[in-house]
1. Suppose we filter segment B:177-187 for residues that are over 14 Å from B:M8 (Cα atoms) and at the interface with another protein chain (Cβ under 9 Å from one of its Cβ atoms); how many remain?
2. Could you say whether any residue in segment B:105-122 is farther than 25 Å from B:R159 by Cα, surrounded by fewer than 20 Cβ atoms within 10 Å (Cβ to Cβ) and within 21 Å of the chain's Cα centre (by Cα)?
3. Just for segment B:1-26: of the residues that are touching a helix residue (DSSP H, G or I) at 6+ places or on another chain (Cβ under 7 Å) and of a type in the set (V, I, T), which one is farthest from B:F205 (Cα to Cα)?
4. Evaluate the following for B:Q190: is it facing chain A (nearest Cβ under 10 Å) and either in contact with a helix residue (DSSP H, G or I) (Cβ under 6 Å, 6 or more places away or on another chain) or over 25 Å from B:G41 (Cα atoms) (or both)?
5. If you go through segment A:104-120, how many residues are assigned to a helix (DSSP H, G or I) and out of contact with any Leu (no Cβ under 7 Å at 6 or more places or on another chain)?
6. Condition test on B:S219, is it more than 7 Å from chain A (Cβ to nearest Cβ), hydroxyl-bearing (S, T, Y) and over 21 Å from A:A101 (Cα atoms)?
7. In segment A:178-223, how many are more than 10 Å from every other protein chain (Cβ to nearest Cβ), farther than 19 Å from B:T63 by Cβ and not hydrophobic (A, V, I, L, M, F, W, C)?
8. Against the definition (buried (at least 17 other Cβ atoms within 10 Å of the Cβ), at the interface with another protein chain (Cβ under 8 Å from one of its Cβ atoms) and at pLDDT below 90), how does B:Q200 come out, yes or no?
Amino acid sequence: MDFDFLGQTLLLLLSGVPLLLQLAFFSIAAGAVLAVLLALMRLSGNPALDVCARSYVFVFRGTPLLVQIFLIYYGLGQFPEIRQSLLWPFLRQPYWCALLALTLNTAAYSSEIIRGGILSVPFGQIEAARACGMSRWLIFRRITVPQGLRVALPAYGNEIILMTRSTALASVITLMEVTGIASKIIAETFRAVEVFICAGAIYLVLNFAISRGIALLERRLSPQMRAPAASAGVPEPAR
Amino acid sequence: MIDYVDLMGFGPKGWGPLMLQATLMTVAVSATAFALGSGVGALIAWARIEGHSLLQLAADAYTTVLRGIPDLLVIYLLYFGGSAALTALAHALGAKGFVGVDAFAAGAIAVGIISGAYQSEIFRGAYQAIARGELEAARAVGMSRWLMFRRIIVPQALRFAIPGLGNVWQLALKESALISVVGLTELLRQAQVGAGSTRQPFAFFITAAALYLVLSTLSGWGFRRAEAVGMRGVRRS
């Protein structure tokens, strides 16, 4: 093993981490907003909205993410209307195209997770809230969201990890995040195994950190699942 | 619209035949990868159920690593790593120049070992869904391990595994698009080629997307049928 090469490669690859995190963070955040909208559309009871959201999810889950990225990055430029529109300065850049594709893609997967979470709230509780005279919004905020979130969190955590992994595809449209740099080094040195070990280690560390974070959040959000502390009920002595 | 029909049609200037051929290539490479993944997945599942604790640890590491690392990296590793190894071997045997791995083989193996990581979890779950009493009964009537595996475990585990395998198949189908980066002329690569030579990228990529949708819809329907057939003797609440 050539440790000099490994060290240099690791340093080079680490310079791609900020871009990776940026892509993952913004696409997941924007995707979550879109996903909630889609989930609410499916649960609205309005057949038109339901069909729209359903077809959106069908299309984005049924096609490879790479096709979606190419469609946005290369495909949209085919139309003069788009090239002359105000959006062109954004859609011309690989960064915004990758972000858009990742956002639209994760929104489709997350909306199903969120819908499952909302559906998991027992109807009796909604009924009780209505009987107390809560408004729809108040029910959503106080009853549905806190409980649905808890149920959806493990699956959503998986989706976050999958998205971190999917940002690698942005390298195909020339973005130099970790995988992009890795493929460049491999093409220059032909030492695929060493580069793979370094890049793989970076992704594994990121995933480990994310899954620990989600587990902590899960623990915080479900106090009823925690074992009661030994001193429960006894006030802490003043210090 | 007429332009589009001409472009994707089966006329003298149409790309229809090439796109369909590429779709078949996508199916072929995905199916090869999926079959490979079934073999790997079964081995890993066995290691996790029955294996020595070291083997279990190795199996755990395998699934964690392959589910956490981008598929693109695995494809690069197999393609470029494999090519470097082959070239070194060829040089040792006296040949000169660069020897590349076959893109189909490298891609199918890469997607296959990733698929294997997912399939192992499904097989393990399916094995655990078999009633313990049946295994005990099989042992009590004196079945050998192999006979028990063949007659009791496989038919039942497979039945429970069908829905999960359907999901993994869809994943393999979509992951096969990544093999285009090492130059295998499957659906996405063919669309790229067409987009490049006609300057109509949207038409080609939307066609590729539609063909992927057709593939995933058809196979989704197939797996639902298989599930209905597999579950026909099971009483459900």
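1. Final tally of qualifying residues: 4.
2. Narrowing segment B:105-122 to residues farther than 25 Å from B:R159 by Cα: B:105-110.
Filter again for surrounded by fewer than 20 Cβ atoms within 10 Å (Cβ to Cβ), leaving B:105.
Pick out the ones that are also within 21 Å of the chain's Cα centre (by Cα) and you get B:105.
Taking every residue of segment B:105-122 in turn, at least one turns out to be farther than 25 Å from B:R159 by Cα, surrounded by fewer than 20 Cβ atoms within 10 Å (Cβ to Cβ) and within 21 Å of the chain's Cα centre (by Cα).
3. B:T26
4. Details: facing chain A (nearest Cβ under 10 Å): no; either in contact with a helix residue (DSSP H, G or I) (Cβ under 6 Å, 6 or more places away or on another chain) or over 25 Å from B:G41 (Cα atoms) (or both): yes.
Spelling it out, it is not the case that B:Q190 is facing chain A (nearest Cβ under 10 Å) and either in contact with a helix residue (DSSP H, G or I) (Cβ under 6 Å, 6 or more places away or on another chain) or over 25 Å from B:G41 (Cα atoms) (or both).
5. 10
6. Considered against the rule, which asks whether it is more than 7 Å from chain A (Cβ to nearest Cβ), hydroxyl-bearing (S, T, Y) and over 21 Å from A:A101 (Cα atoms), B:S219 comes out as yes.
7. 8
8. So B:Q200 fits the description; yes.
The values are calculated or read from the model by the stated rules, or taken from the named source; none is laboratory data. Note that the coordinates shown come from a computational prediction; the quantities given were computed from them, not determined experimentally. Note that each Cβ is placed from the backbone with ideal geometry, even for glycine, and that neighbours are counted across all protein chains shown.
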